[in-house]
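Student: Quick one: this structure, given as structure tokens, is what I'll be asking you about.
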Amino acid sequence: MPRPVPVALIGQQFMGRAHSNAYSQAARFFDLPREPVRHTICGRDEASLKAFAERWGWAHTTTRWQDLAEDDAIELVDVSTPNDLHRAPAIRMLEAGKHVACEKPLAGTLDDARAMRDAARKSKARTFVWFNYRRCPAVAHAFGLMRKKKLGRVFHVRAHYLQSWGGPETPMAWRFRKKRAGSGAHGDLNAHSVDLARFLMGEEIAEVHGAVARTFVKERRDAVTGKQAKSDVDDCVLFNASFQSGATASFEASRLATGHLNRNFIEINGEKGALRFDFENMNVLWVCDDEPGPESNGWRRVMCTSGEHHPYVGNWWPDAHLIGYEHGFANMVADMMRALAGKKPAVPLPDFEDAYQTQRVLEAALVAARERRSVKLSTIR
Ligand code: SOE
């Protein structure tokens, strides 16, 4: 039996469920050098915590995240709280010598993200950030093609993450409060796109050339009080950027993109070919190259469902059987366990240092929008 990794998870909402499921599935499907054990679930709502623990297989519960730092049995703490509650627990856990896995974006503000990055630098513990889409097999396969330089010199990166659930009828939630979330669609969705773009390109963004941020829905009904409350985050942010190599990049995140549900889309155009991924069809990677010969060139729809050829797939079902949203999280748990055993993950895992670079790009876009100008990343620290 591989050495266990006792895990504590803070948060019992959407991500609390996604991560609980991943911790319970990973060791069933992967032969892991270390295995996650669901030790403690931490949440503020005591009334629902016991039922959550029972349903998702957590052995212990607590309503105080501070308890986790003092519990020697816990090795990895997963921070899956709203963005304003990442910094304090993450830093405290690192100081206590625990490994930390934090939800994205790393934080609601660049200050918080920097403090977390600094704490990680001082600690011997490992850090991970849940940029889950890196671990869709089609994206991980694209990463392999990019590392093999299949596209040659890259000219363009085109990313958008479009949702449509944020209309005026959607009630108030922490995601619409700047104090809690830091930003709206930007930190929620552009964070994923910027991470994917940096991950696939293997280089940093050097400059943001201009941005627009807009809040269309300024008030929402508070489901508890029934009163109108201020919705003060962006509903969309669009920006243009350059990579260090000179490749251009465009980003658009919106929660008001009528007709799109969860369109996490990225396309890369290079001198020898192009790649395209869309999460709404997540098992597919579109590839354009000159392989068939000039008479048949064009986009090929590659189903990334071959255990032999595509990362992670061989751990799940027989070839050609599709996987879904939750598998990306389980794939990430498998890679975290490999990393904690000193082994290589299937594709690189983002840590606090890496996620801080994404946060700098997000900040540069906000400055560009506010001050209506270009922003060099070297000025954002
Ligand atoms: C909601 O906008 C949300 O769940 C994001 O918070 C996730 O990060 C994204 O993966 C899907 O949409």
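Student: Only residues that are out of contact with any Leu (no Cβ under 8 Å at 6 or more places or on another chain), under 25 Å from ALA185 (Cβ atoms) and more than 13 Å from the ligand (Cβ to nearest atom): list them for region 121-156, please.
Tutor: Once the filter is applied, which keeps residues that are out of contact with any Leu (no Cβ under 8 Å at 6 or more places or on another chain), under 25 Å from ALA185 (Cβ atoms) and more than 13 Å from the ligand (Cβ to nearest atom), region 121-156 yields only HIS156.
Student: Output the qualifying pairs, or none if there are none: Cβ atoms under 6 angstrom, residues six or more apart or on different chains, first residue in region 363-375 and more than 10 Å from ALA213 (Cα to Cα), second residue part of a helix (DSSP H, G or I) and of a type outside the set (Gly, Ala, Ser).
Tutor: GLU363/LEU110; ALA364/LEU377; VAL375/VAL367
Student: Could you look through region 295-322, keep only residues that are in contact with an Asp or Glu (Cβ under 7 Å, 6 or more places away or on another chain) and of a type in the set (Ser, Thr, Tyr), and pick out the one that is surrounded by the fewest Cβ atoms within 10 Å (Cβ to Cβ)?
Tutor: Checked region 295-322; the qualifying residue surrounded by the fewest Cβ atoms within 10 Å (Cβ to Cβ) is SER306.
Student: Kindly establish whether ARG158 is of a type in the set (D, E, K, R), closer than 25 Å to PHE14 by Cα and modelled with pLDDT of 95 or more.
Tutor: Working: of a type in the set (D, E, K, R): yes; closer than 25 Å to PHE14 by Cα: no; modelled with pLDDT of 95 or more: yes.
Against the criterion (of a type in the set (D, E, K, R), closer than 25 Å to PHE14 by Cα and modelled with pLDDT of 95 or more), ARG158 does not qualify.
Student: Okay, moving on. Checking ASN331 against (1) outside any strand (DSSP E or B); (2) among the polar types (S, T, N, Q); (3) more than 16 Å from the ligand (Cβ to nearest atom), only one condition comes out false. Which one?
Tutor: Answer for ASN331: the failing condition is (3).
Student: Still on this structure, please answer the following. So which of ARG263, ARG276 is closer than 28 Å to PRO105 by Cα, within 16 Å of the ligand (Cβ to nearest atom), among the charged types (D, E, K, R) and surrounded by 13 or more Cβ atoms within 10 Å (Cβ to Cβ)? Walk me through how you get there before you give the answer.
Tutor: Working: ARG276 fails: within 16 Å of the ligand (Cβ to nearest atom).
Matching residue, one of ARG263, ARG276: ARG263.
Student: So is GLU295 more than 30 Å from TRP174 (Cα to Cα), of a type in the set (D, E, K, R), assigned by TED's automatic domain parsing to the domain that holds ARG177 and within 23 Å of the chain's Cα centre (by Cα) or not? Show your work before the answer.
Tutor: On the way: more than 30 Å from TRP174 (Cα to Cα): yes; of a type in the set (D, E, K, R): yes; assigned by TED's automatic domain parsing to the domain that holds ARG177: yes; within 23 Å of the chain's Cα centre (by Cα): no.
Against the criterion (more than 30 Å from TRP174 (Cα to Cα), of a type in the set (D, E, K, R), assigned by TED's automatic domain parsing to the domain that holds ARG177 and within 23 Å of the chain's Cα centre (by Cα)), GLU295 does not qualify.
Student: Do you know which of the residues in region 248-292 that are farther than 30 Å from SER374 by Cα and of a type in the set (Val, Ile, Thr) is nearest to the chain's Cα centre (by Cα)?
Tutor: This residue is VAL284.
Student: Quick one: would you say ARG360 is charged (D, E, K, R), surrounded by 13 or more Cβ atoms within 10 Å (Cβ to Cβ), part of a strand (DSSP E or B) and in contact (Cβ under 8 Å) with a residue 12 or more places away in the chain? Steps first, please.
Tutor: On the way: charged (D, E, K, R): yes; surrounded by 13 or more Cβ atoms within 10 Å (Cβ to Cβ): yes; part of a strand (DSSP E or B): no; in contact (Cβ under 8 Å) with a residue 12 or more places away in the chain: yes.
Answer is no for this residue.
Yes/no matrix, rows are residues, columns are (1) aromatic (Phe, Trp, Tyr); (2) on the phi > 0 side of the Ramachandran plot; (3) assigned to a loop (DSSP other than H, G, I, E, B):
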{"site": "PRO168", "(1), (2), (3)": "no, no, yes"}
{"site": "ARG175", "(1), (2), (3)": "no, no, no"}
{"site": "ARG180", "(1), (2), (3)": "no, no, no"}
{"site": "ASP195", "(1), (2), (3)": "no, no, no"}
{"site": "GLU207", "(1), (2), (3)": "no, no, no"}
{"site": "VAL217", "(1), (2), (3)": "no, no, yes"}
{"site": "ASP232", "(1), (2), (3)": "no, no, yes"}
{"site": "PHE239", "(1), (2), (3)": "yes, no, no"}
{"site": "GLU252", "(1), (2), (3)": "no, no, no"}
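Student: Based on this model, can you work out whether LEU162 counts as within 16 Å of the ligand (Cβ to nearest atom), over 29 Å from VAL37 (Cβ atoms), crowded, with 16+ Cβ neighbours inside 10 Å and of a type in the set (A, V, I, L, M, F, W, C)? Working first, answer last.
Tutor: Numbers: within 16 Å of the ligand (Cβ to nearest atom): yes; over 29 Å from VAL37 (Cβ atoms): yes; crowded, with 16+ Cβ neighbours inside 10 Å: yes; of a type in the set (A, V, I, L, M, F, W, C): yes.
Considered against the rule, which asks whether it is within 16 Å of the ligand (Cβ to nearest atom), over 29 Å from VAL37 (Cβ atoms), crowded, with 16+ Cβ neighbours inside 10 Å and of a type in the set (A, V, I, L, M, F, W, C), LEU162 comes out as yes.
Student: Residue under question is ILE205, and the condition is that it be closer than 26 Å to ALA365 by Cα, among the β-branched types (Val, Ile, Thr) and within 16 Å of the ligand (Cβ to nearest atom); does it hold?
Tutor: Values: closer than 26 Å to ALA365 by Cα: yes; among the β-branched types (Val, Ile, Thr): yes; within 16 Å of the ligand (Cβ to nearest atom): no.
In short, no.
Student: Name the single residue that is nearest to PRO4 (Cα to Cα) among those in region 338-357 being among the charged types (D, E, K, R) and in a helix (DSSP H, G or I).
Tutor: Initially, region 338-357 is screened for residues among the charged types (D, E, K, R), giving 338, 343-344, 351, 353-354.
Cutting the leftovers down to in a helix (DSSP H, G or I) gives us 338, 353-354.
Working: ARG338: 12, GLU353: 26, ASP354: 27 Å.
For region 338-357, the residue satisfying everything is ARG338.
Student: Oh, and also: Condition first: away from the ligand (no atom under 14 Å from the Cβ) and either under 16 Å from ALA253 (Cα atoms) or touching a Leu at 6+ places or on another chain (Cβ under 8 Å) (or both). Now tell me which residues in region 176-199 satisfy that.
Tutor: Kept after step one, since they are away from the ligand (no atom under 14 Å from the Cβ), are these residues of region 176-199: 177-179, 197-199.
Residue satisfying the conditions is ALA197 alone.
Residues checked against (1) of a type in the set (Ser, Thr, Tyr); (2) buried (at least 16 other Cβ atoms within 10 Å of the Cβ); (3) under 28 Å from SER183 (Cα atoms); (4) at pLDDT below 95:
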position: GLY16; (1), (2), (3), (4): no, yes, yes, no
position: ARG38; (1), (2), (3), (4): no, yes, no, no
position: ALA51; (1), (2), (3), (4): no, no, no, no
position: TRP58; (1), (2), (3), (4): no, yes, no, no
position: TRP65; (1), (2), (3), (4): no, yes, yes, no
position: ALA90; (1), (2), (3), (4): no, yes, yes, no
position: VAL100; (1), (2), (3), (4): no, yes, yes, no
position: ALA119; (1), (2), (3), (4): no, yes, yes, no
position: THR127; (1), (2), (3), (4): yes, yes, yes, no
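Student: Scan region 233-260 for residues that are more than 16 Å from the ligand (Cβ to nearest atom) and surrounded by 15 or more Cβ atoms within 10 Å (Cβ to Cβ) and jot them down.
Tutor: LEU238, PHE239, ASN240, ALA241, SER242, PHE243, ALA247, THR248, ALA249, SER250
Student: Continuing with the same structure: Within region 219-230, how many residues are out of contact with any helix residue (DSSP H, G or I) (no Cβ under 7 Å at 6 or more places or on another chain), among the charged types (D, E, K, R) and part of a strand (DSSP E or B)? Reasoning before the result, please.
Tutor: Filtering region 219-230 down to residues out of contact with any helix residue (DSSP H, G or I) (no Cβ under 7 Å at 6 or more places or on another chain) leaves 219, 221-230.
Now restrict to residues that are among the charged types (D, E, K, R): 219, 221-222, 227, 230.
Among the residues that remain, those that are also part of a strand (DSSP E or B) are: 219, 221, 230.
Result for region 219-230: 3.
Student: Here are some conditions: (1) touching a Pro at 6+ places or on another chain (Cβ under 6 Å); (2) within 18 Å of ALA18 (Cα to Cα); (3) surrounded by fewer than 16 Cβ atoms within 10 Å (Cβ to Cβ). ASP335 meets all but one. Which one does it not meet?
Tutor: Here ASP335 clears every test but (3).
The values are calculated or read from the model by the stated rules, or taken from the named source; none is laboratory data. Owing to the predicted nature of the structure, the values given are computational and were not obtained by experimental measurement. Note that we place each Cβ from the backbone using ideal geometry, even for glycine, and neighbour counts take in every protein chain shown.
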